[in-house]
């Protein structure tokens, strides 16, 4: 029961993190450096894959599973506290509007004559002095009224966000991107839910105990994080140079290579160096599609937050469904079928994504 509860809490936190981080980065980035910003974020995010795999492998070699949970809980707490160091992103649009209003005020004052300026200053001074006597009397009343207005605005904004989310989900623009978002969820569910089982199944003939098998599996997952890091650097520069639509091609190539290697490993069912290549190229593929998706959500739509809300709901759905399917699998043959179907679906989803009406500069 505690495992299910912790998994549910982890899912809620992951959804909030992905939605908020996507909105935050899209506000900080621009059209010229969007690929670099999202790739750098994903680079730092997936660095935890390497660190976490090393920590898990070392702890399991020298201690029990309970110690690993305690260590990871401490790391998680430190990570949550780091959110307090975040600064507000620069609001370029509001700065432009504010500067424009200030320039309008300056131009208006330049058009006025000296007599009009002095007369206006006298009127402003009288109004200011008269407002001092009434401000204290109306302060509590205005404060209560402002709280009521703020509550009404927050409620109406919440309803508006929900309506905008469902409206965007049904829009023609988002329909071409939904299959691609489902592919992102499938990719994550495979390396999170299936890779460890596939790796441990290939170690049966080694004569290792369960802790040794888990430890070696975590070591084999380290190249996954390395692939995520290298892939983020490559695809970030590629997006900034060639645009979103052209990035579909390297995503397709990495999909075919990654799925082929995993299928070969399942067919051989032996723990060899192929396992490390398998996880590495899957990390490259996963970083490619994640960075492309986040860049498109941040710069192909009008809103900064609604597309990420839709995307989190969509890829979480495929993530959930595929994990349920993986829980029913008992042999490598089942994983071969799942991986083959994922490869075919991935090619179809990328073909559909190519029909997306890109509005960013390509």
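Coordinate-derived values only; no laboratory data. What you see is a predicted model; the values in this text were computed from it and never measured. Ideal geometry is used to build each Cβ from the backbone, glycine not excepted, and the neighbour counts take in all protein chains shown.
A few points about this structure:
- The spacing between the stretch 324-362 and the stretch 71-88, judged by their C-alpha centroids, is 33 Å.
- Footprinting exposure proxy for 315, 282, 208 (fewest neighbouring C-beta atoms within 10 Å first): 208, 315, 282
- Overall size of the stretch 188-283 from C-alpha positions, given as principal axis extents largest first: 50, 22, 22 Å.
- Per principal axis, descending, Cα span of the stretch 209-362 in whole Å: 54, 30, 26
- Per-residue Cβ neighbour rank within 10 angstrom, fewest leading, 271, 43, 166: 166, 43, 271
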